[in-house]
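The values are calculated or read from the model by the stated rules, or taken from the named source; none is laboratory data. Bear in mind the structure is a predicted one, so any value in this text is a computation, not a measurement. Here the Cβ is made from the backbone with ideal geometry for all residues, glycine too, and neighbour counts use every protein chain on show.
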Amino acid sequence: VTDWSPVDAAAESLRVGNYDWVAFTSANGVENFLSRIEGDVPSAFGGAHIAAVGSATEVLLLAAGLQVSLRPKTFTAQALADALGPGSGHVLLPRAEKVPPGMVARLKENGWQADEVAVYRTVPADIDSPEAETVAEGLFDAVTFTSASTVEGFVGMFPDLIPALSSSGAPFVACIGPVTAAACADAGIEVDVEATEHTTDGLLRALATLFT
């Protein structure tokens with residue numbers, strides 16, 4: 001993020017009590033938003049309730065002295081929006097710069113006013129790095145995708161590899177959740193396994209099933 005002024009303005013609005021909920025959809029969102037808060041963190045939330053998309057996100061919030069009021073059973077942004085249910089208040093969403101629109105659309109359908117602020121962004125890796133060169137040569141057994149943006153970045157960097165990933169089998173494709181899997185489908189990538197628990201640990205466990 002190059003311009004933090006929208007984030008700082010949202011943080012000030014939160015501090016004075018203008019938000020009913022703050023919904024965090026990733027650990028990165030927590031870390032980067034909290035980095036903009038000065039002084040006592042809990043008091044900076046102005047009495048707003050806090051929602052966390054999953055266990056890793058919740059752990060970071062608890063470590064900062066914050067109480068998490070809501071965590072959906074399924075660790076996706078859409079499930080988090082559904083868990084909030086109908087309402088008429090204001091929800092702050094500190095998120096990545098580019099995210100699917102489904103969560104905000106669902107919140108608005110349920111009567112909420114949702115304000116998104118970008119607190120981080122996903123950028124492609126250096127195409128000239130040794131790791132990228134290894135991938136470009138097809139020297140890998142599996143690909144793991146942790147978000148729709150990682151799918152987009154991979155397709156942009158390695159378009160010639162997509163045919164090799166368009167059918168099941170090695171090299172395998174593992175996705176962290178349904179939104180990421182949908183992005184793979186849109187890109188013509190066949191997903192071999194999708195994590196049941198939508199966390200990095202869950203993704204690794206799902207990947208391991210392909211090699212046992």
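For the stretch 165-212, filtered to residues that are of a type in the set (D, E, K, R) and not in a helix (DSSP H, G or I), the residue that is modelled with the lowest pLDDT is GLU197.
Can you find, within the stretch 53-63, the residue that is modelled with the lowest pLDDT among those that are over 18 Å from LEU92 (Cα atoms) and either among the β-branched types (Val, Ile, Thr) or touching a helix residue (DSSP H, G or I) at 6+ places or on another chain (Cβ under 8 Å) (or both)? If we take residues in the stretch 53-63 being over 18 Å from LEU92 (Cα atoms) and either among the β-branched types (Val, Ile, Thr) or touching a helix residue (DSSP H, G or I) at 6+ places or on another chain (Cβ under 8 Å) (or both), then ALA56 is modelled with the lowest pLDDT. Against the list (1) at pLDDT below 95; (2) closer than 23 Å to GLU97 by Cα, the condition GLY39 fails is (2). When GLY156, GLY111 are checked against the criterion of being among the small types (Gly, Ala, Ser), exposed (fewer than 14 other Cβ atoms within 10 Å of the Cβ), free of Cβ contacts under 8 Å to residues at least 60 places away in the same chain and in a loop (DSSP other than H, G, I, E, B), GLY111 stands alone in meeting it. Would you say ASP8 is of a type in the set (Asp, Glu), in a loop (DSSP other than H, G, I, E, B), surrounded by fewer than 18 Cβ atoms within 10 Å (Cβ to Cβ) and free of Cβ contacts under 8 Å to residues at least 60 places away in the same chain? Judged against the criteria, ASP8 is not a match.
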